[in-house]
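The numbers here are math on the coordinates, done by the rules we state, and not lab data. Since the model is a prediction, treat every value here as computed from it, not as a measurement. When we count neighbours, we look across all protein chains shown, and the Cβ atoms used for this are built from the backbone with ideal geometry, even at glycine.
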Ligand code: HEC
């Protein structure tokens, strides 16, 4: 009795392994994008060169802000979750004021720990660059 998997479909195993490798690579590369920001203790803070709206800011907002601020649930009337809305609070100063707990602003994320320095410097860098949609 021979093993069908290796005799009748000799290329099947290789194809399956190849698919696994591809999936793992794709998944881990997505995961890696924001790993520094979300878990800074696991590595160094790399906001010196690498800050983009889509790769850095959105994953951070997804984890920390969008649960309360999105297109339907407007925490305190503040909409977030689209580039236009996110840029609005970046430009009017409310984003940085609230995440740095500056006086005159409601401290964000509300009821949760203040963002870490790596996250704050990423946000500052994005704002200073003019809040680009990159
Ligand atoms: C648990 C829900 C919740 C989370 C999480 C949250 N917010 Fe808020 N946010 C609110 C509420 C509610 C208000 C209205 C003001 C208040 O109640 O303090 C508000 C107000 C604001 C304001 C207006 C502040 C002002 O002084 O005008 C900004 C800007 C803001 N949030 C940004 C953020 C950002 C950025 C994050 C993520 C880092 C965040 N929020 C996370 C609930 C939340």
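Annotations for the structure displayed:
- Reference-scaled alpha-carbon Rg (2.2 N^0.38 Å with N residues) for the stretch 81-134: 1.09
- Fewest-first sequence of 68, 45 by Cβ atoms within 10 Å of each Cβ: 45, 68
- Residue exposure sequence - 101, 69 - by fewest surrounding Cβ within 10 Å: 101, 69
- Calculated P(r) tail over 19 Å for the stretch 46-128, as whole % of Cα pairs: 29
- The ranking of 49, 74 by Cβ neighbour count inside 10 Å, starting from the fewest, reads 49, 74.
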